[in-house]
Amino acid sequence: MNEVINLQEAVVTLGQFPALTGVTLQVSQGEIVTVCGPNGAGKSTLLRLCAGLLPVREGSASVLGEDLHTNRRSIRPDIGLLGHKSGLYDDLTVEENVAFWGSMVRAGDLEVKEAIKYMGLDGRLRNVLVRQLSAGQRRRTSFAGLVVQRPSLWLLDEPHAALDTEGRDLVNNLIQDAAASGATVLLVSHAPKELSSPSGRFVTLAGGQITSDTNKEGSGDGTS
Amino acid sequence: MELRDAWSIARKDLRIEFRSRILTNQIAPYTLLIVVLFGFALDADTQTLRDTGPGLFWVAVLLIALLAVQRAVKIEDDDAAKERMLLTPVHPSSVFLGKAIALFVQLFALETLLFFVMLALFDLSVEDPLLICFSAVLATIGIASSGTLYGVITAGVGVRETLLPILLLPVLAPIAIGATRTFGDAFGRVDADGWAWFGLLSVFAVIYTVLGMFAYGQLVEDA
């Protein structure tokens, strides 16, 4: 399988602070990898590095076959990043938000409607302003924008945050559908058990380094 | 660069402004307050108001522009939409153009309101309406372009509200001077060749727009 993410002793600094202090990680196409770790371990930084939003200070790093030292901007259109913030406009409706982000990635009206329906936002929620939504509904709207984008690499920071049981199941299905269609998913979660049936690995990050790398059954190399 | 993307971004920004009503409920009344306060400050002497009217108009526009630029930056910063935009195939110059078009439309609408209020309050008469129209369009293009560019420089900075005026006002000074001269000539208040100043406004409008289209992408990265 193709390696979608290949990090070798990657170091990333935020200002003077070393957020990642030598991460080595390989993720193949179609894999679902869950990154766990305490607060401040560097999980979100890892996602932003893989999205090409942060420069690599030392080590080597490639994502989707592109070297992040030289070409990190070119991978971005193939990346779907869901961070702590949702990237939505409060004064636009759910449909207008999804349609806008859809137009930015050249998606058609039909794809926008399907994404809204997939995330359970059709019906009365469709024409509601985002500022009037609950946190979980905002999360779903943000996911709908990713569904429209159909990225090759999904980077999800706490994707289950603020979601109810139905929403979590929906997100789990979405993640598995994405992986089944050939996309790769790297997600950060404080509670990885919420992923009911992932086919992937669990990677633990602490102090900016990977401290364990195991598959679902518990086997693995133990360290990076 | 795709004009279609720029138009989508401009339409989105204008729709947000229309919905939030900040332009109509906050910035427009602020505009009128500035004019009235200028009137009081100058002791409501009609002759003085007529003479200083063009300058007061453009000083008021600069103050309005600061608010509008802050608002345009905030829309993208509030929920990390700016970062999400980086992950789309849209060229940064399209984003710049879209944001600048939306800012232009808002500023021009406010300028129109301000213009007619000042005509009434300051008892001004227009001798060259074409010069007024064309110079207002060009000056507003220059303000919208440089505002969009400097807005992104201050985006993400904690002291954005205070940093933006310090950076932007000196850049806008040549536009304010040129536009004041053209308006002064169009109102028949100064002995200046308004169309020559109009040429200067054209140069600034082109420079700031082209510069913005080239620099915006790198500035977004750095911000």
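The values are calculated or read from the model by the stated rules, or taken from the named source; none is laboratory data. Since we're looking at a predicted model, the values are computed, not measured. Because the Cβ atoms are built from the backbone with ideal geometry, glycine has one as well, and the counts that use them run over all protein chains shown. Keep in mind that these areas ignore ligands, DNA and RNA; they rest on the heavy atoms of the full protein, side chains included. Shrake-Rupley method; radii C 1.70, N 1.55, O 1.52, S 1.80 Å.
Worth a mention:
- Exercise: per-residue mean of other protein chain Cβ atoms within 10 Å, B:71-81: 3
- Tally of Lys pairs whose C-alpha atoms are under 28 Å apart, taken over chain A, 8 or more apart or cross-chain: 8
- Chain A: DSSP helices with Cα axial extent of at least 15 Å and average Kyte-Doolittle hydropathy no lower than 0.0: A:94-104
- Sequence-separation-based contact order of the stretch A:3-214, relative, with Cα cut under 8 Å and 6+ spacing, percent: 30
- Gaussian network model of chain A, springs between alpha carbon atoms under 10 Å - residue of A:F100, A:F202, A:F143 with greatest fluctuation: A:F100
- Evaluated at q = 0.07, 0.10, 0.12 Å⁻¹: base-10 log I(q)/I(0), Debye formula over Cα of the protein assembly as shown: -0.43, -0.76, -0.98
- Choice from B:L23, B:L113, B:L169 showing the highest fluctuation, given a GNM over chain B with Cα pairs closer than 10 Å: B:L113
- Computed FRET value (nearest 0.05) for B:V117 with A:K117, which takes r as the C-beta separation and R₀ as 60 Å: 0.75
- The value of relative contact order for the stretch B:3-222, using C-alpha pairs under 8 Å at least six residues apart, is 28 percent.
- Across A:T13, A:T204, A:T165, mean-square fluctuation computed from a Gaussian network of chain A (C-alpha pairs under 10 Å connected) peaks at A:T165.
- Centroid-to-centroid separation of the stretch B:1-75 and the stretch A:1-38 [C-alpha atoms, Å]: 47
- Residue-level accessible surface for B:H91, protein heavy atoms, 1.4 Å, Å²: 90
- Only one residue of A:T70, A:G30, A:L14 has its Cα farthest out toward the positive end of the dipole of chain A, where Lys and Arg carry +1 and Asp and Glu -1 on Cβ, and that residue is A:L14.
- Angle in degrees between helix B:194-222 and the longest Cα principal axis of chain B, rounded to the nearest 10: 20
- The calculated 222 nm mean residue ellipticity attributable to helices in chain A amounts to -8500 deg cm²/dmol, summing -39500 (n - 2.57) over DSSP H runs of n ≥ 4 and dividing by all residues.
- With every protein chain in place, the stretch B:137-223: carbon and sulfur % of accessible area (1.4 Å): 70
- Divide the volume of the convex hull around the Cα atoms of the stretch A:3-214 by the residue count and you get 114 Å³ per residue.
- Evaluated at q = 0.14, 0.18 Å⁻¹: base-10 log I(q)/I(0), Debye formula over Cα of the stretch B:3-222: -0.84, -1.28
- For A:T211, solvent-accessible area (1.4 Å; no DNA, RNA or ligand), Å²: 60
- Phi angles of the stretch B:86-95 translate, via the Karplus equation with coefficients 6.51, -1.76, 1.60 and θ = phi - 60°, into HN-Hα couplings of 5, 9, 10, x, 5, 5, x, 5, 5, 5 Hz per residue; Gly and Pro are given as x.
- Chains B and A together, accessible area buried on both sides, 1.4 angstrom probe, square angstrom: 2500
- Here the Karplus curve 6.51 cos²θ - 1.76 cosθ + 1.60, taken at θ = phi - 60°, turns the phi angles of the stretch B:11-26 into couplings of 5, 4, 4, 5, 5, 4, 5, 4, 6, 6, 6, 5, 5, 7, 8, 10 Hz, with x standing for Gly and Pro.
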